[in-house]
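The values are calculated or read from the model by the stated rules, or taken from the named source; none is laboratory data. This is a predicted model, so every value here is computed, not measured. Cβ sites come from the backbone with ideal geometry, for glycine too, and all protein chains shown count toward neighbours. Please note that ligands, DNA and RNA were not included when accessible areas were found on the heavy atoms of the full protein model with its side chains. Shrake-Rupley method; radii C 1.70, N 1.55, O 1.52, S 1.80 Å.
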Amino acid sequence: MFNVHPTSIRGCKTALALIAVLVLALVSPVAVQAKKKKPAATTQKKAEPRPQVDLSKLVWPEPPNLPRIKYTNYFAGMKIDYAAEGKKPTQSWMDRLAGGQTQDEKVTNRNFPFQLLGPYGMAVDSKNRLYVADQKVGAIFVFNTETRDSELIRNGFEAHFAMINAIAIDDNDRVFVSDGKLGKVLVFDANHKVEAQINEGLVDPLGLAIDTERRLLYVVDTKQDVVLVYDADSLKPLRKIGTPGKKHTLTGPGEFSLPTNIALDKEGNVYVTDSLNFRIEIFDAEGQFLSQFGQHCDAIGCFERPKGIAVDSDGHIWVVDTGLALVEIYNRDGELLAYVGGPGRSLGRFNDPMGIVIDKNNRVFVSEQYPWGRVQQFRYITDAESAQMKAEREKSAGAAQKDGEKDKVQDRGQDQGKPKDNAQLDAQIPPVQ
């Protein structure tokens, strides 16, 4: 027999009362409302869209002047699939058993979306694809400028690179790449397979240019202070411009001190950035000195660290100055016509700009390296296009002026048909004393 104590009975009653109070509290309307409001509290506010830059307003010079340069695009590297972040990764049974990474999580040199770090030389092929030599990545980026898709010519896979500098492409889409550390120029076929290389006479090749009509390959050798000229088909050396072996001390016309880059115009004239002499030297297609321009200072219209150079379809000379963070545009006489840039990371400005290329479609590409790589794209408005724009503006201004004069005549005719308001006229005439 169990002994039943009164205190135990009272304790049981107290416990039952507490349980009843808790049940009532849980089913009360206040608790129900709290449960209903809880999901609403967890809803997240939608992020406001970022303001977009109106690229149509990025022009040089600024209105009301007629624009001669328009900003169009930029490239920073291979596409990154941000949508893939929300996808459930696939995992093999071995991964699940071992607890390792999924197949999608495994990153290799073949599938990682590389970004530009140190872009320098550039070129455009017959398909309008942009080739960019990246010194830090050790690869050549090939961009489809319309879709922004890209592929790589990689060190250790398609070729062996040490310090790639410049790129030139001929009319058969053969790709020439200078490598300063290896002291050679690699030649790729149109399918990006190495087919040849140039070693003879080279120490530190940097800038490249190809004369497709005369079948000449120009190679700037910075350490030797010369420009070497090769047959673009046989790759045999033909001649050199400049005097080697003077250890960057020469300053005379036709001589170089640390030359860096080179460009050609439609007539085959040669333009070389003579960096340590802070000037541009111009030669004819036979290598004979023609003229020079430039001076050293840290102001617009001077050179501090001239690097990349290009010539547009109208013969204007575009020079990248790394020290000034500018692209300066000159005529053959060395007169400054315009400039683009200035230090900064916003669109249309540069940090450590290096290379420049202008293609047959008047697209201008400028590479920059600090603090990360980027290639900015512009559109050059030619002299003919500018003249047409000017004529259209004058025509529209003349039409607007004629319409204004016509409106004035109509207003005067309407006023003549109306009765004169003598009171108003008399009010304007002072009374005779």
(request) Can you send over the solvent-accessible area of residue 318, 1.4 Å probe, protein chains only, in Å² to the nearest 10? (result) 10 Å²
(message) Assuming 0.36 nm per residue, please report the length gained on full extension of the stretch residue 286 to residue 314 beyond their Cα-Cα distance.
(response) 7.9 nm
(request) Take the cross-link list 181/223; 127/307; 136/266; 136/181; 70/360 and give me the ones stretching past 21 Å between alpha-carbons. (result) 127/307; 136/266
(request) Provide the FRET efficiency to the nearest 0.05 for the residue 72-residue 248 pair, computing r from the beta carbons and using R0 = 35 Å. (result) 0.40
(request) May I ask you to compute the full-extension gain from residue 80 to residue 361, defined as 0.36 nm times their residue separation minus their alpha-carbon distance, rounded to one decimal in nm? (result) 98.3 nm
(request) Whole number in Å², please: accessible area per residue of region 311-361, 1.4 Å probe, ligands, DNA and RNA not counted. (result) 36 Å²
(message) Could you order the peptides 171-181, 227-237 from most to least packed, using the average number of other C-beta atoms within 10 Å per residue?
(response) 171-181, 227-237
(request) Decide, for region 232-352, between rounded, prolate and oblate: order the square roots of the alpha carbon gyration tensor eigenvalues as a ≥ b ≥ c, take rounded if a/c falls under 1.5, and otherwise choose prolate if a/b is larger than b/c, else oblate. (result) prolate
(message) Quick check: residue separation of residue 147 and residue 296 times 0.36 nm, minus the Cα distance between them. What number comes out in nm?
(response) 49.5 nm
(request) Please work out the FRET efficiency for the pair residue 331 and residue 160, using the Cβ-Cβ distance as r and a Förster radius of 56 Å; give the result to the nearest 0.05. (result) 0.85
(request) Give the ranking of 127, 390 by solvent-accessible surface, highest area first, calculated with a 1.4 Å probe. (result) 127, 390
(message) Could you check the spin-label model distance between residue 196 and residue 389? Points 7 Å from the Cα along Cα→Cβ, value in nm.
(response) 4.3 nm
